[in-house]
Amino acid sequence: MHGIVVYSSGQPAEGIAVTNGHHVTQTDASGLFALPDEGSFVVITRPTGHTATPWWHPVPANHETQIRFELLSMPQSLPYEFVHLTDTHMTVPQDATEVDDTHSGLYREGSLPGQVRDFLTRLPEYAPNAQSIFVTGDLVDHGVTEEYEAYVDVLTSSPVPVHLIPGNHDHMNGRHGAIISRNNYLTNDGTPELYERYFGPRWYSFDVAGLHVVTLDWHTHELGIDHEAQNDWVRADLQLRPEGSPWILLFHDQPNFSIIEQLPWLPKATFSGHWHTSRVVEVDGTLHVNSPTTFFASLDYSPPAYRLVTWDGENITLKTQTLLTVPVPDVLGDVATSTFAATSTRSDNSAVLWRAELGGAGHRQRASVDGDLVLAGGQIEDRAAGTVEAFDLATGALVWQAHTASAVKTTPAATLNVVVAAEVSGDLTGFDRTTGEVIWTLKSGDPLRRFAWGSPTVANGVVYLGDQSDLRAVDIRTGEIIWRRTDLSPHHNLVNHSAPLLIDDLLVMGFWPTPEHPIGLNAQTGESVWNRAGWDGTDPFLALKRMLIMGTASYDPHTDAVLMPAFGSTARVNRATGATMWTQPHQGGFSPTTPVITDAGYIITVTGHGLRLLERETGDTLWDLPIAGSAPFPMASYTKIPHPVIAAPILLEQHLVLPGLDGIVRRIDLEGKLIGQTQLASPIAAGLVDAGDRLIAVGVDGNVLALSKDIAS
């Protein structure tokens, strides 16, 4: 097949890359090109300062037909800014009303067309300097015609060009069957025909302001449908570029070895989604940017957000913005970058004994207290960076600050004069408690794909840390691995928010989506103690959805039982055997907070709702206390409506003290009655810490607060 590329003036365009998805060629001095009769589409690489309408054609049935592309001028100035969106999961409205909770999986709906249209319409307000939008897959939720047609319609609202790639949901075609990929990865099966019908080629390239942009289809690459074709194509595409020249990769999932090892040279940055998280790491000189969802809260409990990405001709910089869709209460400070970057907000309340500022933002990670030190981790989401910081417990003065290579979304732990902290990359570092100097570093087993949100647990000089793909016991003095389990899940998995629970020599954790049962290991050897996997499924814990453990367990020594926060429920498990004793459902699927053990029963935090007291032996609800308040944004996964409850309360004698995303600290008695409340300026998503004569709070704005214990009395 053959064709021609011309400028709008009619002049031939020389040196323009053209591809059939397998081979890449360039136009000659007359603008002419020829390609083998292969593939489904003929696509041009739109050069800097130009676009083309269309920029791709279906391969003509008659190969004698000349294919024509016309390049249109499109000024692209430096610095060049684009908006990175991902995982919009558009659902047509009837999907949300016709599907009941039993059949809705983990959530009822993704974004609705009106949400995306409103964002695009308001883009000049959200991103006044943006010259384009990149959306890295899972455009639609079920991969059906109605969703695609709605997406095509919504895109007409964009004031700037929108560049798309597919994700695994885009290939579902209404089916949700699970499959293990060629790289031992849990995903869904699917076919790309519907995506191609509406949006054309699934891998292509274009240039913006001197930056080469390469897009690929992660899902079919992972499934092995066309990975060799994509590998060959990307090498051929880059072969036309000067070796080592800057380029970026758009890939639905965080790229790993399966594509990285195929590249002739590494990109300057990659942009991805899939995990519904915010994670920025640098590996071998490449900045890997995994972005959260924009129209509902993410699986790492990030609020809805979007990223502004700037290319200045040499470097790439990020600015992550929280998407605010409701009025922010005047009493709260600046929340425009909450959980992504620190802001300075003072709470003028006598209950605040002192205030300190982290170098990064806070999130769900609490502080910890070790003697006279308050230890906290900070996350800096606009570059690959984070902090571990020590403050004086009495005054809040900064004692030391250590910088890390990626965000610290976990609580530091200390013993034997060593402070340990885990980065989101999976790196674990031991710092000198007195100076903050690095004593040892244990590198991540997979810095590209390890997503570490579970905090380390320290006991008897050993650090326990990890997830179902890589759980480790580490000597806190040396950083040497004592034991390691990489076989707890049969395949790589999604984000895990559990920290290990240590009960004497038993380590207890739960995960999701697999293994479909909590684990009990010998803490000294790592060997399995519980053996739930071979059971016949009659155990009530294996009921639909209730096997998914959302967070860290707690232990009730009075009944020798383990309490686990599961999807939409709480489970009581026998400590010795791991057998389920009861499960108690509640509204709101993603409630990751640890159950609180009290003399009156078990306090359950129902994210997006309030608190509930369960009877010990039966799990029956003794009381339920809805909490109302004006939070600035949602944080519970897949939710869109802001709600103050995301953190668990702390038990102070016979009272519960509950921090909120609305900045209010509430005091509640064990009969479920609200005693009092105190308004602060910082939204709080992390539980409070008992520090003797005071409480320690960490706000999503990066404020660390020492609070009077009689707050909200």
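Only the coordinates and a few stated rules stand behind these numbers; no lab work does. No experiment lies behind these values; they were computed from the predicted model shown. Neighbour counts run over all protein chains shown; Cβ positions are idealised from the backbone, glycine included.
What does the net charge come to around SER157 if you take all other residues with beta carbon closer than 14 Å to its beta carbon, with K and R at +1 and D and E at -1?
Numbers: positive: ARG117, ARG122; negative: ASP118, GLU125, ASP153.
Local charge sum for SER157: -1.
Identify which of the listed values of semi-axes √(5λ) of the Cα gyration tensor in Å was calculated from the structure shown: [x] 46, 35, 24; [y] 43, 38, 22; [z] 46, 27, 25.
[z]
Relative to the present Cα-Cα distance, how much length would full extension add between ASP505 and HIS23 at 0.36 nm per residue of separation? Let's see the in-between values first.
Numbers: separation 482, 0.36 × 482 = 173.52 nm, distance 5.95 nm.
In short, 167.6 nm is gained.
Pop the C-beta distance of GLU64 and LEU622 into the FRET formula with R0 = 56 Å and round what comes out to the nearest 0.05. Working shown, then result.
Values: r = 80 Å, r/R0 = 1.42.
E between GLU64 and LEU622, to the nearest 0.05, is 0.10.
Using Cα-Cα distances under 8 Å and only pairs 6 or more residues apart, what relative contact order does the chain have, in percent? Spell out each step's value before the answer.
Details: 2017 pairs, mean separation 64.2, N = 713.
Relative contact order for the chain comes out at 9 percent.
Please give the charge dipole size of the chain, origin at the Cα centre, charges +1 on K and R Cβ atoms and -1 on D and E Cβ atoms. Round to the nearest 20 debye. It would help to have the intermediate numbers written out before the result.
Numbers: 42 positive and 81 negative charges, 175 e Å.
Using only the charged Cβ atoms, the result is roughly 840 debye.
Among ILE179, TRP623, VAL280, flag the residue with its Cα farthest along the positive direction of the charge dipole of the chain, charges on Cβ as +1 for Lys/Arg and -1 for Asp/Glu.
TRP623
Choose one of LEU71, VAL6, ALA29: the residue whose Cα lies farthest towards the positive end of the charge dipole of region 2-73 (beta-carbon charges +1 Lys, Arg; -1 Asp, Glu; about the Cα centre).
Going by the charge dipole, the pick is LEU71.
Using only the alpha-carbon atoms, how far is helix 145-155 inclined from the longest principal axis of the chain? Give it as 0 to 90 degrees, nearest 10.
Helix 145-155 sits at roughly 80 degrees to that axis.
So which lysines pass the test for LYS673, namely a Cα distance under 23 Å, with those fewer than 8 places away in the same chain ruled out?
LYS709
So between ILE481 and ALA236, what do we pick up on full extension, going 0.36 nm a residue minus the alpha carbon distance? Numbers along the way, then the final one.
Values: separation 245, 0.36 × 245 = 88.20 nm, distance 4.27 nm.
The ILE481-ALA236 span can extend by a further 83.9 nm.
In whole angstrom, note down how far apart the Cα centers of region 1-38 and region 447-526 are.
That distance is 54 Å.
Using just the helices of the chain, give the 222 nm mean residue ellipticity in deg cm²/dmol: DSSP H runs with n ≥ 4 each add -39,500 (n - 2.57), and the total is spread over all residues, rounded to 500.
On the way: 8 runs with 60 residues, N = 713.
One gets -2000 deg cm²/dmol as the mean residue ellipticity at 222 nm.
Compute the signed sum of charges (Lys and Arg +1, Asp and Glu -1) over the other residues within less than 13 Å, Cβ to Cβ, of THR639. Write out the running numbers ahead of the final one.
Values: positive: ARG108, LYS640; negative: GLU109.
Its environment carries a net charge of +1.
When the chain is fully extended, how far beyond the present Cα-Cα distance does ILE179 get from LYS319, taking 0.36 nm per residue of separation? Display every interim value, and only then the final one.
Details: separation 140, 0.36 × 140 = 50.40 nm, distance 3.58 nm.
So the chain would gain 46.8 nm between ILE179 and LYS319.
Can you grab the distance from the C-alpha centre of region 417-443 to the C-alpha centre of region 301-379, Å, no decimals?
Taking the Cα centre of region 301-379 as reference, the centre of region 417-443 is 22 Å away.
Loop-only trypsin sites (Lys or Arg not before Pro) in region 670-713, please: DSSP not H, G, I, E or B, and at most 15 other Cβ atoms within 10 Å.
Values: sites: LYS673, ARG694, LYS709; in loops: LYS673, LYS709.
Answer in residue order: LYS673.
Give me the lysines in straight-line cross-link reach of LYS319: C-alpha distance below 25 Å, same-chain residues under 8 apart excluded.
Here the lysines satisfying the reach criterion relative to LYS319 are LYS268, LYS409, LYS640.
Once label points are set 7 Å from the Cα along Cα→Cβ at both ASP118 and ARG197, what is their separation, rounded to one decimal in nm?
If labels sit at ASP118 and ARG197, their model points lie 3.1 nm apart.
Which trypsin sites (Lys or Arg not before Pro) in region 270-364 pass both tests, a DSSP loop state and at most 16 other beta-carbon atoms within 10 Å?
Values: sites: ARG279, ARG307, LYS319, ARG346, ARG355, ARG364; in loops: ARG346, ARG364.
Loop-located and lightly packed - ARG346.
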